Amino acid sequence: MAVNTPPRLGFEYAPAPEATDHFQLAGVYKLFLDGEFVAPASEQHLATINPATEETLAEVSVANEADVDRAVKAARKAFATWSKLPGSTRARYLFRISRIIQERARELAIVESMDGGKPIKESRDVDIPIAAAHFHYYAGWADKLEWAFPNRKASPIGVAGQIIPWNFPLLMLAWKIAPALACGNTVVLKPARTTPLTALLFAQICQQAELPPGVVNIVTGISSTGAAMVAHPDIDKIAFTGSTDVGKYIMRTTAGTRKRLTLELGGKSANIVFDDAPLDQAVEGIINGIFFNQGHVCCAGSRLLVQESIAAPFLDKLRARMARLRVGNPLDKNTDIGAINSADQLQTIKEYVESGITEGAEIFQPPCELPKRGFWFPPTVFSNVSQSHRIAREEIFGPVLSTLTFRTPEEAVAKANNTPYGLAAGIWTDKGSQILWMAQHLNAGVVWANTYNRFDPTSPFGGYKESGFGREGGWHGLHPYLELH
Amino acid sequence: MSAVRSTPPKAPELDIRKTYKLYIDGKFVRTESGRTYQVAGGRVNAPRGSRKDVRNAVAAARKAFDGWSGRTAYNRGQVIYRIAEMLDARRGEFVSLLGKGPAAEREVDQAVDSLVWYAGWCDKLHAVAGTVNPVAGPYFNFTFPEPTGVVGLIAPEEPALLGLVRHLAPALCGGNVIVALVSESQPLAGLVFGEALATSDVPAGVVNLVSGSHSELLAILAGHMDVNAIDVAACNDSEVKQVQLLAEANVKRIVRSDGTHSLEAITSLMEMKTVWHPIGH
Amino acid sequence: MAAVTSTPIEALLRQVPPVDQVAVEERAASLASRSIKKSSKLWALDLAIRVMDLTTLEGADTTGRVRSLCAKALRPAPGDPSIPHTAAVCVYPSMAAVARECVGDSGVHVASVVTAFPSGQSFLAVKVAEVKTAVAAGADEVDMVIARGAFLAGDYAKVYDEIVAVRKACGEAHLKVILETGELGSYDAVRRASHIAMAAGADFIKTSTGKVSPAATLPVSLVMMEAIRDWYQFTGRAVGFKPAGGIKTAKQAIAHLVLVNETLGADWLTPERYRIGASSLLNDILMQIAKQRSGVYSSAGYFTEA
């Protein structure tokens, strides 16, 4: 007898919202240029909203070409001294920053969740702690570059223009700024349009740490702000995390210049479950792979490849587990899935889900009550998906999982690799030799075996193929910010 | 009267000239276009490779990739060392193609050196460019380099042999497969290098050598969606820009190595793969 | 090579999936971080009492000690009728009759540990006789231990057969099977042992005797509940679960209830399908209830010792 309906929940958890009364956001934020908060030359501002309530949190400045130019000039000026500081001094600044992030962790976590919609338990337990850890990690490298590259002389590149996405705002900032500064570069960083606030709090942290003016400049704004950075002749390097389309735009735009690039782009990563897998933990891994941060994760395990012999019972388990996910207020400590980051992104997700239905895939969404205001999407899994379906090929960047089946390890590899992307992959099996064989054959920069979506400053991250190039994290993460002679 | 039959003085033997061919998929082939252009002071008709030759070369390279990248590092090192042996064995022909004299001798020596140097890196680069990463949790985590895939190489005009070899060797060392445009003005040494490859246990398709007009073929190679990386070392700025503009279509890696021996010459054509696994029981 | 033969239980065990230690511990930790506040906290604390097997299992247990325990089980907070009685008292077989007499028909059950508890190192005949005697003495429920020696030696059939024999000896009494997870060495073994016990007819599976550490950890509980969930999926038979040993605080008890809630669901949040074996836990729960109701932190002196 099969009992396929997920058991009902016994007790409702009373709301457990994180308190927000111990700090105050400014009404209007200026740009952070040359160590000061200054009004934008553009005289333009935009509202940043809480996607869970659609309420305005603050107004931030829109940097135009002139503002970007001011930022680059400040960074260029600062580069002359910052790059000449002893590595040990740069290290101390970075250690300081790491500590201040830890001290202000709660405030940063709450603002991250309010501005971006992610569950507080994720911003509290993942984003902010790992951001602090990144500064701590790269601080230690700053005075050890001659040990990192024996026989070579390592010198910084110059002014780095860094453009980051809205899915892990402070964490992506840390991934970009920490190695750049450790290696002696100065930076102009543009946070995403919808999630600028923690970057502005980070600017305050730079002031608290007494970081020399101009070493870090934060230009908030819109896509034209980023375009101005990409086009700026005095930026030596562009580091970008975001969509493959924009990555390609950056490649085109910088063609013929001497700008160096690192690109961390999209993905359509396969999470592969074999019939001998630890099934209950695999279910958790699939859930974490696709529903972590509402699926707004470049390395999200958005394609489930499950061995055909266990597909039916495995999907039963998965659906039952999905019914346990708590969708709602990002600031509630029990929320598993928060708000979709923006109205635009919600629209994109809805279009993809429509296409999945139209193309004939079978949809499952657990019953869940979504709040009236704000941007929400329920956890969704498609089964009976074919390789040719759009939902199996294109990055949705939302809580939507596409399930395909395979029969043999060779077929699993062939299907997993059948994509222009190559960011990550997951393998679930109890057989050690099979893990290593799969890891060898999957075209992906990160392979999680019997786990998924783990991140650490010591661990390099980045893609194969159209998922970009260059690595962030670890020893390898130093390369993009150094010239070796 | 006895006539003395005089044998006419023996005329010098006529040269057996070599027909120079492209080297694609382990075979020496005429360009499918049937075109040639004159090199070596007009004495030699070199094949003028076409769009389809490049296409065939990329297809052959892709087909060879799994096999070559799947070889053990030890084996790849031996095969590359074998190329050095075969090059050295044909030293006379190369020296003569390169214009004879000490400079030509030196160029062949350096090309052999380069192959030997990179041969030795095959089974060491993982130890130097790979890492074990002490993540803050119960996971074993390591990073190791893997070949990028099909590499397009635009060899410098000169040195015609050394320029090709010292860019090709690091790419091969990392396990990549290669489609190279040999020197346009002096293609013969590059094409004959194919003969050294053909006799050195290099599997068919791993290295493909095409001669012809760089300006014609560059765009084909740079735009090809199954080419993963391009080494533009020999390109001028406007050619580099042309490659960069085309490379975005499939996010090609663009490498500008200067040909000096370095670990980065190898790793710049490699991808870093990081693997996580829980530590438990 | 000998012909391939296997007992039915060995065939069953081949279908039991492996367990990844790190992942199961992470899942348990993540559930333990649920924030249970206000009304839901009070609800959970009340439930924790209703599913409690208030336990004393000491060589020094006396009639007086057991009477005192039973009184506490019947009225955990004398004078406060809003506090429910516990599900059962759990005692050694020699004390079953005393307990029976104390709890009467109050609804508090008498559970007796059996089968040469805690080691289980005795003869099957002795174990069977002990079960029958305990039931005759008034035990509604018996908590047996599995033969860990046989299990660790790979003699799964023996473990299985012994449970079947005890099951038969129980008659109408409810059978809880203690795996003593702290001695099994891995979650894989716990998962296998769970399936053996359920296949052999256990009404409940239970983590520990309380005499071995670690005992009822969250991850081991999760592994056993996942086994129960799968068993229910495949056979339709609902087996109960009892964590016992090491659950001393209200916070721990709530974490266990969250685990049940999100693994097995509401149908298991009843004394018929879920118990917590504990002794000192009860007063901590009473203190937390007092705190929730009054808003001020309480003191141990205001709660009766068992």
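The values are calculated or read from the model by the stated rules, or taken from the named source; none is laboratory data. Fair warning: this is a prediction, and the values are worked out from it, not measured in the lab. Please note: Cβ atoms are built from the backbone with ideal geometry, for glycine as well, and neighbour counts cover all protein chains shown. Quick note on the areas: whole protein, heavy atoms, side chains included, nothing else; ligands and nucleic acids left out. Shrake-Rupley method; radii C 1.70, N 1.55, O 1.52, S 1.80 Å.
Does segment C:235-253 include one or more residues that are facing chain A (nearest Cβ under 8 Å) and either surrounded by fewer than 19 Cβ atoms within 10 Å (Cβ to Cβ) or assigned to a strand (DSSP E or B) (or both)?
Yes.
Of all residues in segment A:372-405, which are in contact with an Asp or Glu (Cβ under 7 Å, 6 or more places away or on another chain) and surrounded by fewer than 23 Cβ atoms within 10 Å (Cβ to Cβ)?
A:R373, A:G374, A:S383, A:N384, A:H389, A:R390, A:T405
Could you list, in sequence order, all residues of segment C:56-70 that are aliphatic (A, V, I, L, M) and either within 14 Å of chain A (Cβ to nearest Cβ) or surrounded by fewer than 16 Cβ atoms within 10 Å (Cβ to Cβ) (or both)?
C:A60
Filtering segment A:335-371 down to residues that are free of Cβ contacts under 8 Å to residues at least 40 places away in the same chain and touching a helix residue (DSSP H, G or I) at 6+ places or on another chain (Cβ under 7 Å), which residue is least open to solvent (accessible area, probe 1.4 Å)?
Per the criteria, the residue is A:S355.
Does any residue of segment B:270-279 turn out to be within 14 Å of chain C (Cβ to nearest Cβ), more than 23 Å from A:T262 (Cα to Cα) and of a type in the set (A, V, I, L, M)?
Looking for residues that are within 14 Å of chain C (Cβ to nearest Cβ), more than 23 Å from A:T262 (Cα to Cα) and of a type in the set (A, V, I, L, M), one finds at least one in segment B:270-279, hence yes.
Which numbered condition trips up C:A23, out of (1) surrounded by fewer than 24 Cβ atoms within 10 Å (Cβ to Cβ); (2) free of Cβ contacts under 8 Å to residues at least 24 places away in the same chain?
(1)
Is there any pair linking a residue in segment C:265-289 that is free of Cβ contacts under 8 Å to residues at least 12 places away in the same chain to one that is of a type in the set (K, R) and surrounded by fewer than 23 Cβ atoms within 10 Å (Cβ to Cβ), with Cβ under 7 Å and at least six apart or on different chains, and which?
Hits for this filter: C:G265/A:R8; C:A266/A:R8.
Would you pick out the residues in segment C:39-55 that are more than 14 Å from every other protein chain (Cβ to nearest Cβ) and touching a strand residue (DSSP E or B) at 6+ places or on another chain (Cβ under 6 Å)?
C:M52, C:D53, C:L54, C:T55
What is the residue count in segment A:453-473 for residues that are touching a Ser or Thr at 6+ places or on another chain (Cβ under 9 Å) and either under 20 Å from B:P134 (Cβ atoms) or facing chain B (nearest Cβ under 7 Å) (or both)?
Counting residues in segment A:453-473 that are touching a Ser or Thr at 6+ places or on another chain (Cβ under 9 Å) and either under 20 Å from B:P134 (Cβ atoms) or facing chain B (nearest Cβ under 7 Å) (or both) gives 13.
For segment C:69-113, name all the residues that are touching a Leu at 6+ places or on another chain (Cβ under 8 Å), in a loop (DSSP other than H, G, I, E, B) and free of Cβ contacts under 8 Å to residues at least 40 places away in the same chain.
If the condition is that a residue be touching a Leu at 6+ places or on another chain (Cβ under 8 Å), in a loop (DSSP other than H, G, I, E, B) and free of Cβ contacts under 8 Å to residues at least 40 places away in the same chain, then C:H85, C:Y92, C:S106, C:V108 are the ones that fit.
Quick one: C:N261 ticks every box in (1) free of Cβ contacts under 8 Å to residues at least 24 places away in the same chain; (2) open to solvent by less than 10 Å² (accessible area, probe 1.4 Å); (3) in contact with a helix residue (DSSP H, G or I) (Cβ under 7 Å, 6 or more places away or on another chain) bar one, so which box is it?
(3)
Which of (1) surrounded by fewer than 21 Cβ atoms within 10 Å (Cβ to Cβ); (2) farther than 23 Å from C:A173 by Cα; (3) away from chain B (no Cβ under 14 Å) is the odd one out, the single condition C:P93 does not satisfy?
The one condition C:P93 does not meet is (2).
With the requirement that a residue be aliphatic (A, V, I, L, M) and open to solvent by less than 30 Å² (accessible area, probe 1.4 Å), what does segment A:47-80 give you?
A:A52, A:A58, A:V60, A:V62, A:A63, A:V68, A:A71, A:V72, A:A74, A:A75, A:A78
Take B:S69 and decide whether it is among the small types (G, A, S) and open to solvent by 30 Å² or more (accessible area, probe 1.4 Å).
For B:S69, the condition - among the small types (G, A, S) and open to solvent by 30 Å² or more (accessible area, probe 1.4 Å) - is met.
Go through (1) out of contact with any Asp or Glu (no Cβ under 6 Å at 6 or more places or on another chain); (2) outside any helix (DSSP H, G or I) one by one and return the number of the condition C:K176 breaks.
Here C:K176 meets the rest and fails (1).
With more than 14 Å from every other protein chain (Cβ to nearest Cβ), more than 29 Å from B:V39 (Cβ to Cβ), touching a strand residue (DSSP E or B) at 6+ places or on another chain (Cβ under 7 Å) and at pLDDT 95 or above as the only criterion, which of B:W68, B:W117 stands out?
Sole residue among the options that is more than 14 Å from every other protein chain (Cβ to nearest Cβ), more than 29 Å from B:V39 (Cβ to Cβ), touching a strand residue (DSSP E or B) at 6+ places or on another chain (Cβ under 7 Å) and at pLDDT 95 or above: B:W68.
Take the conditions on the phi < 0 side of the Ramachandran plot, of a type outside the set (A, V, I, L, M) and either within 14 Å of chain C (Cβ to nearest Cβ) or open to solvent by less than 10 Å² (accessible area, probe 1.4 Å) (or both) and apply them to B:S262. Does it pass?
Judged against the criteria, B:S262 is not a match.
Rundown of residues vs (1) in a loop (DSSP other than H, G, I, E, B); (2) in contact (Cβ under 8 Å) with a residue 40 or more places away in the chain; (3) surrounded by 24 or more Cβ atoms within 10 Å (Cβ to Cβ), yes/no style:
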{"position": "B:A234", "(1), (2), (3)": "yes, yes, no"}
{"position": "B:I254", "(1), (2), (3)": "no, no, no"}
{"position": "B:D258", "(1), (2), (3)": "yes, no, no"}
{"position": "B:E271", "(1), (2), (3)": "no, yes, yes"}
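Can we say A:K118 is within 23 Å of A:Q24 (Cβ to Cβ) and either open to solvent by 10 Å² or more (accessible area, probe 1.4 Å) or assigned by TED's automatic domain parsing to the domain that holds A:K237 (or both)?
yes
How many residues does segment A:421-450 hold that are closer than 20 Å to A:L279 by Cβ, in contact with a strand residue (DSSP E or B) (Cβ under 6 Å, 6 or more places away or on another chain), in contact (Cβ under 8 Å) with a residue 24 or more places away in the chain and not in a strand (DSSP E or B)?
2
In segment B:236-245, what count of residues is obtained for those that are at the interface with another protein chain (Cβ under 9 Å from one of its Cβ atoms) and either in contact with a Leu (Cβ under 7 Å, 6 or more places away or on another chain) or in contact (Cβ under 8 Å) with a residue 24 or more places away in the chain (or both)?
2
Which condition from (1) over 24 Å from the mean Cα position of the chain (by Cα); (2) more than 29 Å from A:L482 (Cβ to Cβ); (3) more than 14 Å from chain B (Cβ to nearest Cβ) is the one that A:D234 breaks?
Here A:D234 meets the rest and fails (2).
A:D125: surrounded by fewer than 21 Cβ atoms within 10 Å (Cβ to Cβ) and assigned to a loop (DSSP other than H, G, I, E, B), yes or no?
It is false that A:D125 is surrounded by fewer than 21 Cβ atoms within 10 Å (Cβ to Cβ) and assigned to a loop (DSSP other than H, G, I, E, B).
For the list (1) hydroxyl-bearing (S, T, Y); (2) farther than 21 Å from A:P278 by Cα; (3) open to solvent by less than 30 Å² (accessible area, probe 1.4 Å), I need the number of the one condition that C:S213 fails.
Only one criterion is unmet by C:S213, namely (3).
Kindly evaluate A:F135 against the criterion of being farther than 28 Å from A:L57 by Cα, in a helix (DSSP H, G or I) and touching a residue at least 24 places away in the same chain (Cβ under 8 Å).
The answer is no for A:F135.
Here's the yes/no breakdown for (1) surrounded by 18 or more Cβ atoms within 10 Å (Cβ to Cβ); (2) without any contact (Cβ under 8 Å) to a residue 24 or more places away in the chain; (3) more than 17 Å from the chain's Cα centre (by Cα):
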residue: B:K10; (1), (2), (3): no, yes, yes
residue: B:E13; (1), (2), (3): no, yes, yes
residue: B:I16; (1), (2), (3): no, yes, yes
residue: B:R48; (1), (2), (3): yes, no, yes
residue: B:V58; (1), (2), (3): yes, no, no
residue: B:I80; (1), (2), (3): yes, no, no
